[in-house]
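Participant: Sharing a structure below in structure tokens format, with a few things to ask.
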Amino acid sequence: MTVVSSREFVCNQKRYFDLAKNEQIGIRRGRNIFHLKYAQIETQYPKQETLEPDDDLRSGITKEEFKERARMIVQNFFANK
């Protein structure tokens, strides 16, 4: 097992990560030693699904409609003051 200081590990992370594939690496910090363990992880990304338009989407308004309605609400608010 190779034991290195935390400072040495930070300065040469790539080297120690590569070494961890073949041997055990210990990182000393104060009186503690932390073990660096290599584990191959297979990543399976979930299939991306597309959503079909539903009633909520169909009942939505466009950006221009929203701006016009907001403008009218603000005008009415200040006209009534």
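The values are calculated or read from the model by the stated rules, or taken from the named source; none is laboratory data. As the structure is a computational prediction, the values presented were derived from the model and not from experiment. Note that each Cβ is placed from the backbone with ideal geometry, even for glycine, and that neighbours are counted across all protein chains shown.
Participant: From the list ALA39, ALA70, pick out the single residue that is exposed (fewer than 10 other Cβ atoms within 10 Å of the Cβ), of a type in the set (Gly, Ala, Ser) and at pLDDT 80 or above. Explain how you work it out, then say what you get.
Facilitator: On the way: ALA70 fails: exposed (fewer than 10 other Cβ atoms within 10 Å of the Cβ).
ALA39 is the lone residue from the list that is exposed (fewer than 10 other Cβ atoms within 10 Å of the Cβ), of a type in the set (Gly, Ala, Ser) and at pLDDT 80 or above.
Participant: Inspect all residues belonging to region 12-25 and state whether any of them is surrounded by 12 or more Cβ atoms within 10 Å (Cβ to Cβ), of a type outside the set (Asp, Glu) and either modelled with pLDDT under 90 or in a strand (DSSP E or B) (or both).
Facilitator: Looking for residues that are surrounded by 12 or more Cβ atoms within 10 Å (Cβ to Cβ), of a type outside the set (Asp, Glu) and either modelled with pLDDT under 90 or in a strand (DSSP E or B) (or both), one finds at least one in region 12-25, hence yes.
Participant: Can you pull out every residue in region 1-11 that is modelled with pLDDT of 90 or more and hydrophobic (A, V, I, L, M, F, W, C)?
Facilitator: We begin by selecting, within region 1-11, every residue modelled with pLDDT of 90 or more; these are 2-11.
Within region 1-11, VAL3, VAL4, PHE9, VAL10, CYS11 meet the criteria.
Participant: Ok, one more. Is it the case that GLU64 is exposed (fewer than 10 other Cβ atoms within 10 Å of the Cβ), in a loop (DSSP other than H, G, I, E, B) and of a type in the set (Asp, Glu)? Explain how you work it out, then say what you get.
Facilitator: Details: exposed (fewer than 10 other Cβ atoms within 10 Å of the Cβ): yes; in a loop (DSSP other than H, G, I, E, B): no; of a type in the set (Asp, Glu): yes.
Against the criterion (exposed (fewer than 10 other Cβ atoms within 10 Å of the Cβ), in a loop (DSSP other than H, G, I, E, B) and of a type in the set (Asp, Glu)), GLU64 does not qualify.
Participant: Going by what's in this entry, would TYR38 be described as out of contact with any helix residue (DSSP H, G or I) (no Cβ under 7 Å at 6 or more places or on another chain) and without any contact (Cβ under 8 Å) to a residue 60 or more places away in the chain? Give the steps one after another, and end with the answer.
Facilitator: Numbers: out of contact with any helix residue (DSSP H, G or I) (no Cβ under 7 Å at 6 or more places or on another chain): yes; without any contact (Cβ under 8 Å) to a residue 60 or more places away in the chain: yes.
Here the answer is yes, as TYR38 does meet what is asked.
Participant: Here's another thing I want to ask about it. With the requirement that a residue be in a loop (DSSP other than H, G, I, E, B), under 16 Å from LEU19 (Cβ atoms) and of a type outside the set (A, V, I, L, M, F, W, C), what does region 30-52 give you? Don't jump to the end; show me each part of the working.
Facilitator: Taking region 30-52 as the starting set, the residues that turn out to be in a loop (DSSP other than H, G, I, E, B) are 30-31, 37-52.
Checking the rest, the ones that are also under 16 Å from LEU19 (Cβ atoms) come to 37-40.
Residues satisfying the conditions are LYS37, TYR38, GLN40.
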